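Heads up: the structure comes next, in structure tokens.
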Amino acid sequence: MIRLFVGLGNPGAEYEATRHNAGFWWIDALAAKLGTRLVPERGYQALVARVNRPGSEAGPFWLLEPMTFMNRSGYSVATLARFFKIEPQQILVVHDELDLLPGQAKLKFGGSAAGHNGLKDIHAQLGTLDFWRLRIGIGHPGVKAEVVNWVLKKPSPDHRDAIERCIERSLEASDLLLAGEMDRALQKIHAQPPRPKPRTHASPTVTPAAP
């Protein structure tokens, strides 16, 4: 069961629309779906929303966007998790992923940080890599030296559209994530989107030749 949803990104208007903020985009979309709003919480150095579940014995859950810049994301995550006694396996971190194409998303548990500075710091602060991640594909520039420039730039309109459609699809699994049905959530998130139907072309009208 997920009790803490974390989106990774960088604060400030200059970063708002950049690829590295895909995690923020997902959390913002989840907040809109739930009809809630994230507010600044100085103690966690983050934007936070607490969401109650009426009639549920599971208690509330939280949405979190660290405002510490990417390479210090772990402070916000660890501070809130420890205060509310949230175990690492009850945390889902949503982040941008270079190794997936725009429009793709993958859910996984544990594994390495794979060079992602936000994941590295969460690992350092929690002392474990045993938390859930939702990887939102942003594509790769093709050259390692261009990665920093790539993640801190805005995606093309086509790529942004693909990422937003991917976020919308993956949000359909949010109830499963909250219920702890992780296998079903994984299947739903990993399901391929339906391919657009090919356009049908009307048969040309044949005019009979004059006798």
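Per residue, how much accessible surface does region 107-149 expose to a 1.4 Å probe? Answer in Å², no decimals. Numbers along the way, then the final one.
Numbers: 2080 Å² over 43 residues.
For region 107-149, the solvent-accessible area averages 48 Å² per residue.
Over every pair of different alpha-carbon atoms in region 81-181, take the mean of 1/r and invert it; report that Kirkwood radius in Å.
14.8
Packing-wise, with mean Cβ within 10 Å as the measure, how do 136-142, 90-96 rank, highest first?
90-96, 136-142
In terms of modelled amide H atoms, which long-range or inter-chain residues lie less than 5 Å from the amide H of Val94?
Excluding prolines and chain starts, which carry no amide H, the hits are Val6, Gly7, Leu8, Leu134.
With a Förster radius of 35 Å, plug the Cβ-Cβ distance of Asn52 and Lys108 into 1/(1 + (r/R0)^6) and report the FRET value to the nearest 0.05. Spell out each step's value before the answer.
On the way: r = 29 Å, r/R0 = 0.82.
According to the calculation, E is roughly 0.75.
Just to be sure I understand the model, the point goes 7 Å from the Cα along the line to the Cβ. What's the resulting Thr128 to Phe69 distance in nm?
3.0
Which order do the peptides 116-128, 66-78, 50-62, 33-45 take when ranked by the mean count of other beta-carbon atoms within 10 Å per residue, highest first?
With the highest mean Cβ count within 10 Å placed first, the list reads 66-78, 116-128, 33-45, 50-62.
With each pseudo-label sitting 7 Å past Cα toward Cβ, what's the Arg82-Arg42 distance in nm, one decimal?
Reported label-point gap for Arg82 and Arg42 is 2.0 nm.
Could you compute Rg(Cα) / (2.2 N^0.38 Å) for the chain, with N its residue count?
It is 1.21.
Quick one: pull the percent of accessible area on the chain belonging to carbon and sulfur, 1.4 Å probe, ligands and nucleic acids left out.
Here it works out to 52 percent.
Post the alpha-carbon centroid distance, region 3-48 to region 136-160, in whole angstrom.
Here the two parts' Cα centres lie 20 Å apart.
Within the set Lys120/Lys188; Lys106/Lys153; Lys106/Lys144; Lys144/Lys188, which residue pairs have Cα atoms separated by over 24 Å?
From the list (Lys120/Lys188; Lys106/Lys153; Lys106/Lys144; Lys144/Lys188), the Cα-Cα distance tops 24 Å for Lys120/Lys188; Lys144/Lys188.
What number, rounded to the nearest 500 deg cm²/dmol, is the helix-based mean residue ellipticity at 222 nm of the chain, given -39500 (n - 2.57) per DSSP H run of at least four residues and division by all its residues?
-9500 deg cm²/dmol
The values are calculated or read from the model by the stated rules, or taken from the named source; none is laboratory data. Because the structure is a prediction, the values reported are computed rather than measured. All Cβ positions, even for glycine, are placed from backbone atoms using ideal geometry, and neighbour counts span all protein chains on display. Heads up: the accessible areas ignore ligands, DNA and RNA and are worked out on the full protein's heavy atoms, side chains in. Shrake-Rupley method; radii C 1.70, N 1.55, O 1.52, S 1.80 Å.
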